[in-house]
Each structure stands twice: as C-alpha cells, then as structure tokens.
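For reference, the structure is listed below as structure tokens.
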Amino acid sequence: MGPGGSGSAWPLAGTVLVAVATSLAAGGEDCLWYVDRNGSWHPGFDCDFFTFCCGNCHQRYCCRDPLRLLTERQQRHCLAF
C-alpha cells in the first residue's frame, strides 16, 4: 500500500501537477476574440509570458492561475456553440 493508503489524494495531486506543467509550457497563451453576454464583440489579445488566458466563453482575461487556464481549443469550442 502506498503513502496515504487506498483512496489517497496522490492520483489527484499527479493530475494537478500535469495540468500545471502543461500550463507552464503554454505560457503566453492567446485569448481569442469572443462575444460577451450582451452580444458585444471583443478582439483577441496576447497574454504575457507566464500568464494565461482565463475566464469563460463570454469573458476573458489574463491571469497567473494555471487551474483557470482557458486553452485556445476550449475557446474555439465556445465559438462553435
């Protein structure tokens, strides 16, 4: 039995670690254009190195929290729906 016994948080910690590492590799991710809830169009913009495009389909901003990362793939998915 590993540290923490069965049902420990180790698999979750590993998943979070992979997400953070992936996010750091994608630092400077662009925020693509989007339409907000009022129907207003907003142009795309670049985030600085070690910041990420964060938010949702209707509001985007740059942040440093990799767990809030909104990938370009997710952003494109917003455009499709």
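FYI, it's all coordinate maths here, none of it is from the lab. It should be emphasised that the depicted structure is a prediction, and the values quoted were computed from it without experimental measurement. Reconstructed Cβ throughout: ideal geometry from the backbone, glycine too, with neighbour counts over all protein chains shown.
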Report, to one decimal in Å, the Kirkwood hydrodynamic radius for region 29-79 based on all distinct Cα pairs. 10.7 Å
Can you give me the relative contact order of region 29-79 as a percent, contacts being Cα pairs under 8 Å and 6 or more apart? 34 percent
About the Cα centre of region 29-79, how large is the charge dipole given +1 on each Lys and Arg Cβ and -1 on each Asp and Glu Cβ? Please answer in debye to the nearest 20. 220 debye
Spelling it out for residue 34: with amide H atoms placed in the peptide plane at 1.01 Å from N, the residues 5 or more places away or on another chain with amide H under 5 Å from its amide H are 42
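Quick one: which of 31-41, 51-61, 65-75 comes out on top by average Cβ neighbours within 10 Å, and what's the full order, highest first? The partial results should precede the final answer.
On the way: 31-41: 12.4, 51-61: 18.1, 65-75: 15.2.
Highest-to-lowest ranking by the protection proxy: 51-61, 65-75, 31-41.
Report the gain in length on full extension from residue 74 to residue 57: 0.36 nm times residue separation, minus Cα-Cα distance, nm rounded to one decimal.
So the extension gain works out to 5.3 nm.
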